[in-house]
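Comments concern the structure below.
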Amino acid sequence: MRLFFFIFILFHINLSLSSQNDYVPLKCKGTIPSDFLTSSKEKYLQDKSKINKNERNRIRKNKNDFYIYTNYKIDFLLRSGMVLFGDETTKYVNSVGQYVLNNYPDLKDKIRFYVVKSPEVNAFSTYQGIIFVNLGLLAQVENEAQLAYILSHEIIHYKNEHIIKSYLNTKDIISGRGKYNNLSLNQDKRAYFNYSKTQEMEADSQGLKDFYLKTDYDINEVLNVFDVLLYSYLPIDEIPFDTTYFNDKYFILPTKRFKKKLSQISAIEDYDDTKSTHPNIKKRRTKIYDIIADLDNIKKGKKYIISEQKFKDVQKKARFEMSQLYLTNTQYDKSFYNTYILLQKYPNSIYLKKKMAYALYGFSKYSNYKNLSDVITSERKCEGEIQQIPHLFRKLKRINKTELAIKYAWQQYEKTNDNYFKTLATDLMYDLFKFDSKTSSYFIKIIKAQKDTFKEISQEEYLKLSKYQKIKYDKQKNIYSKNKDKSNDVWQYVFVTQRKNDEFNKEFIAAYNKATKDKADEEEIYTRKKKKKYIALAIDTITIINPSYDVYTDDKKDYLKSDKYKNIFINAINKNAQRTKLTIEQLDINKLDASQVDKFNQISTFNYWLYEYFNQQNYDDIWNIIPSQQDNIKNLTKEYKHLAITGVITNDYTRSNGVKTGSIFLSLLIIPIPYAIYVFTTKSHYTSYYIILFDMQKGKYLYKKVNHLKTNDYKYILNLNIYDAFYKIKLKPKDSKKS
Amino acid sequence: MKITTYIMIISFVLFFVPSKSQITGYMGKTFEISYTNQISSGIILPKIETSAFFNKPSDINSFRLEKAISKHSSLLINFGILNNQISKNNFINCNYDINLNKVYYDAITNKNDLIVRSKIFSIKHIVYIKGWNTPLGLYFSYGLSAIFTNYNNFDFELNENCNDNYYYSSPSNISDIKNVTKDNININKTFVDFSMGKKWILTNFITFHLGFNTSLTLPKPNNNVTNKTTTCDSYYLFDKTSYQKTIRYSVSNPMFFNIEAGIGFLIF
């Protein structure tokens, strides 16, 4: 009994240890803030009521446009699944922000801090008092004091209303009013950048004086912030890539594929900032030096006030998230290197290994189906140790990238028994046999056997042989020399370790059979005429996420109209669902209440999954790749098996001058006069309807309907499109044959 | 067997033959009945050796049945009636000096206009272009039409006591002239139809369509027009030849090009 208890305890400790190592992606917690739930229109109307009626018409109109634009844009970001609230990182940023605002209770109530899932090293504030801090920034700043200074800078942007001032100023520049009268295009641009730079300088200096210096943070850290900004394009650390990283007992990755000399980091402080919204680092640093020089007494401040431990924890979390964020943005080389750095410190993290496996999967997939350059930074733009990654994967052959990705994923599958790795590996095995016919080389035992039976003989001995012996000898020699070339190829040993595993062999052969069968089928399709496919999915329930209706006029979005028509669109969806007897569940953040944070997280997860999906895919050309976040949504797929996105985009264009002139000439014939009037009084309309249905368990699309029409967005066309899509989704295959 | 019977059988078979394609229709509705009016100008296009160029615009009133047979195509059966109002004034021979025989002239003009009624039967295949679904949106169609016209030829005759010799004994009274209906004439023609248009919908039930239609006559070995050998004789006041030609053309001209507009209902 005691032994049993001991084993139980040991097992439990082991489990808890392994779960401690595993990083859990960030999720929103607590109640949903009103910023996320209040409708954009309500926010806009609130702001609109603040407009002073005594102001000039032009300014009132510009302000009105600004309120519409910012409220809808910010709400789009808030509901995109990329903004966090209530989690550890947001809580920490909030506590630092609140500390900075300690002396300003009125601002404390107005300003809210949220963390954005973006790898960019940036923070930005809004007119509404929301300050967004990117995870990329949290991953790069060195300590709490640096973060506090950046927040001080952003608070000034809000306090001095920089955003609306900048908007109104830009409008003046565009329309050439006041001092901007009669400026050339280049002068216009310069005026815009100069105005922005003045604001940034103001935020730098006032942020320091009004907020930062009133805290107990170390003044020297302000100067160090500029180093963070200067080198923000580099990864979180500079660690040389181990050239033996992929090697094992049988396989050695040739070192000639690596770059021998890496180019040095070249960033300079005094770069040309004429076409930049921010002044260069040297100017900013000088300004800060001047302020510090004027100070009477400089006290030695602290790097951490809230908590050093919490900062380290937040930084770690941000760095872990970076691996995923880069994958989502299809920057696979950056994700690979970020993960590599973190794996040095956390070698047992399954989370990181998954990201590493996916980066390799991504390299292979893009080389096989698309273009590797889409997911790899140009070597010229790379500096420091990260250069090794784009260089290596550019030098490796297409097939070798696939082999390497399979090898890594299967190695991790053997160690962790996590099906995510297996899914990636088997998907790649199929590609391996689909794109390359080099299958025999993996069976090296056969080659070795052939090599052993052949013995070379001298010229004299050869001459002594009979005619038939000579022919046989020549044949054997030919085979041997071919195999000899192959045996020099290290890549034939790539799967030696893995092929000892029966499961690997089984999957390997299954992939081979499937690929050869598909190849044969494809050839058959080419030779015969393509059969017409009936779409009958026999699905009873689908989940529609955030149905959208976008109205554009001359490519400019009309947010208020879009909002109005969205309700008509949702009604049409419900009506057609009833007629087709398709059950529809709608996931819409607008319909949630403050307590439904779990539902909010679900929607955010799906939104973020879709964000990645459409980074990889195109509406018109959908190809075979599993999104990296497939693992994140696996728990949700039981509840939401079939997820659909749907929407309408309408665009009204003013007709071109060519068409108008043409109609004037035509109207000289008198009969086409009504046509000319029509051309002058109306706009040309374009409307697109789309619905894409996903099988969430597989992470692939099931059905796609994208319809572009040169017409206005009439209600009946909406019904026509929705009904057609729902009908096919609901239809059972047997019914389809009957009809 | 008559050609009408053939067409009826073919259309019946096509109409109820099970389709192999997916039909979605408009919110599940695939069957539509509609009324269509096809208007064409009264201009007689082919050359006629009289001054009779202008008729009143003729229109075809049709009743249509349309059934979706696939996502992008439907079958249409059309039953139409073409009414041609032909003014007899047009056929007073221009070579005659009207004043010379006022009585003759009055006799002709006093008679009511002649109405020639034709029955039209068409079967068409409508194709809705990509992006649109049956039964709405931009379409083009092709098909066959048959037109069946039956009319009585007529002429003027003098009473027995009169002689139509202009120089000697002209009719002095209208009662001297009588209207004589002669042989019954059939004009049967077949056409190949092409049309284009657009269809809209209102309140998920009522459809509107607007388009144009053109039909080309199929060559026919035996023409049923009996007196096609009639030559123009300037001697007579009433130009019988051009009268008959006009009737023939007034049947085919509205078919040659017309603008169609209609209203319909999606039934089920």
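The values are calculated or read from the model by the stated rules, or taken from the named source; none is laboratory data. Fair warning: this is a prediction, and the values are worked out from it, not measured in the lab. Cβ atoms come from the backbone with ideal geometry, glycine included; neighbour counts cover every protein chain shown. What goes into the accessible areas is simple: the full protein's heavy atoms, side chains included, and nothing from ligands, DNA or RNA. Shrake-Rupley method; radii C 1.70, N 1.55, O 1.52, S 1.80 Å.
Can you give me the number of residues within region B:30-39 that are buried (at least 22 other Cβ atoms within 10 Å of the Cβ) and within 14 Å of chain A (Cβ to nearest Cβ)?
Counting residues in region B:30-39 that are buried (at least 22 other Cβ atoms within 10 Å of the Cβ) and within 14 Å of chain A (Cβ to nearest Cβ) gives 1.
Would you mind stating whether residue A:220 is within 30 Å of residue A:494 (Cα to Cα) and either at pLDDT 90 or above or open to solvent by 20 Å² or more (accessible area, probe 1.4 Å) (or both)?
For residue A:220, the condition - within 30 Å of residue A:494 (Cα to Cα) and either at pLDDT 90 or above or open to solvent by 20 Å² or more (accessible area, probe 1.4 Å) (or both) - is not met.
Would you confirm, using the coordinates I've provided, whether residue A:244 is touching a Leu at 6+ places or on another chain (Cβ under 9 Å) and free of Cβ contacts under 8 Å to residues at least 60 places away in the same chain? Walk me through it before giving the result.
Details: touching a Leu at 6+ places or on another chain (Cβ under 9 Å): yes; free of Cβ contacts under 8 Å to residues at least 60 places away in the same chain: yes.
So residue A:244 fits the description; yes.
Just to be sure I understand, how many residues within region A:533-545 are open to solvent by 50 Å² or more (accessible area, probe 1.4 Å) and away from chain B (no Cβ under 14 Å)?
So the answer is 2.
I'd like the full set of residues that are polar (S, T, N, Q) and either within 17 Å of residue A:239 (Cα to Cα) or out of contact with any Ser or Thr (no Cβ under 6 Å at 6 or more places or on another chain) (or both), limited to region A:249-274.
Residues of region A:249-274 that are polar (S, T, N, Q), as a first pass: A:255, A:263-264, A:266, A:274.
A:263, A:264, A:266, A:274, listed by residue number.
Going through region A:578-629 one residue at a time, which ones are over 12 Å from residue A:545 (Cβ atoms), touching a residue at least 60 places away in the same chain (Cβ under 8 Å) and hydrophobic (A, V, I, L, M, F, W, C)?
A:582, A:592, A:594, A:597, A:600, A:622, A:623, A:625, A:626
Would you mention how many residues in region B:185-196 are crowded, with 17+ Cβ neighbours inside 10 Å and either within 14 Å of another protein chain (Cβ to nearest Cβ) or of a type in the set (A, V, I, L, M) (or both)?
Matching residues across region B:185-196 total 2.
Does residue A:27 count as open to solvent by 90 Å² or more (accessible area, probe 1.4 Å) and at pLDDT 90 or above? Show your work before the answer.
On the way: open to solvent by 90 Å² or more (accessible area, probe 1.4 Å): yes; at pLDDT 90 or above: yes.
Here the answer is yes, as residue A:27 does meet what is asked.
Here are A:377, A:402: which of them is surrounded by fewer than 24 Cβ atoms within 10 Å (Cβ to Cβ), in contact (Cβ under 8 Å) with a residue 24 or more places away in the chain and touching a helix residue (DSSP H, G or I) at 6+ places or on another chain (Cβ under 6 Å)? So that I can check it myself, show each step before the final result.
Details: A:402 fails: surrounded by fewer than 24 Cβ atoms within 10 Å (Cβ to Cβ).
Going through A:377, A:402 in turn, the sole match is A:377.
Looking at A:407, A:445, which is the one that is in a helix (DSSP H, G or I) and modelled with pLDDT under 85? Step through it out loud before you land on a result.
Numbers: A:407 fails: modelled with pLDDT under 85.
Answer to the check: A:445.
Quick check: is even one residue across region A:195-204 of a type in the set (Val, Ile, Thr), surrounded by 17 or more Cβ atoms within 10 Å (Cβ to Cβ) and under 18 Å from residue A:163 (Cβ atoms)? So that I can check it myself, show each step before the final result.
Step one: of region A:195-204, the residues of a type in the set (Val, Ile, Thr) are A:198.
Narrowing the set further to residues that are surrounded by 17 or more Cβ atoms within 10 Å (Cβ to Cβ) leaves none.
The answer is no; no qualifying residue exists.
Within 14 Å of chain B (Cβ to nearest Cβ), touching a helix residue (DSSP H, G or I) at 6+ places or on another chain (Cβ under 7 Å) and modelled with pLDDT of 90 or more: is that true of residue A:722 in this structure? Let's see the steps before the verdict.
Details: within 14 Å of chain B (Cβ to nearest Cβ): yes; touching a helix residue (DSSP H, G or I) at 6+ places or on another chain (Cβ under 7 Å): yes; modelled with pLDDT of 90 or more: yes.
So residue A:722 fits the description; yes.
Would you check if there is a residue in region A:577-586 being within 14 Å of chain B (Cβ to nearest Cβ), farther than 26 Å from residue A:651 by Cα and touching a strand residue (DSSP E or B) at 6+ places or on another chain (Cβ under 8 Å)? Even if it seems obvious, please write down each step before you answer.
Step one: list which residues in region A:577-586 are within 14 Å of chain B (Cβ to nearest Cβ), which gives A:577-582.
Right, trim to farther than 26 Å from residue A:651 by Cα and you get A:577-582.
Imposing the further condition that a residue be touching a strand residue (DSSP E or B) at 6+ places or on another chain (Cβ under 8 Å) reduces the set to A:577, A:582.
Yes, that holds for at least one residue.
Give me the pairs, please: first residue somewhere in region A:182-194 and surrounded by 14 or more Cβ atoms within 10 Å (Cβ to Cβ), second residue anywhere and part of a helix (DSSP H, G or I) and aromatic (Phe, Trp, Tyr), beta-carbon distance under 7 Å, and either six or more positions apart or on two chains.
Going by the 7 Å Cβ cut-off, the qualifying pairs are A:191/A:180.
Of A:677, A:670, which residue is open to solvent by 70 Å² or more (accessible area, probe 1.4 Å), in a helix (DSSP H, G or I) and more than 14 Å from chain B (Cβ to nearest Cβ)? I'd like the intermediate steps shown before the answer.
Values: A:670 fails: in a helix (DSSP H, G or I).
Going through A:677, A:670 in turn, just one is open to solvent by 70 Å² or more (accessible area, probe 1.4 Å), in a helix (DSSP H, G or I) and more than 14 Å from chain B (Cβ to nearest Cβ): A:677.
When region A:271-311 is examined, which residues are found to be within 32 Å of the chain's Cα centre (by Cα) and either among the polar types (S, T, N, Q) or surrounded by fewer than 13 Cβ atoms within 10 Å (Cβ to Cβ) (or both)?
Of everything in region A:271-311, those that are within 32 Å of the chain's Cα centre (by Cα) and either among the polar types (S, T, N, Q) or surrounded by fewer than 13 Cβ atoms within 10 Å (Cβ to Cβ) (or both) turn out to be A:271, A:272, A:274, A:275, A:276, A:277, A:280, A:307, A:309.
For a quick check of your reading of the model, give me the residue pairs whose first member lies in region A:697-718 and is away from every other protein chain (no Cβ under 14 Å), whose second is among the acidic types (Asp, Glu), with beta-carbon atoms closer than 8 Å and at least 6 apart or on different chains.
A:701/A:695; A:702/A:695
Based on what the data block shows, is residue A:571 without any contact (Cβ under 8 Å) to a residue 40 or more places away in the chain, more than 21 Å from residue A:42 (Cα to Cα) and within 14 Å of another protein chain (Cβ to nearest Cβ)? First the steps, then the outcome.
Details: without any contact (Cβ under 8 Å) to a residue 40 or more places away in the chain: yes; more than 21 Å from residue A:42 (Cα to Cα): yes; within 14 Å of another protein chain (Cβ to nearest Cβ): yes.
Yes: the conditions hold for residue A:571.
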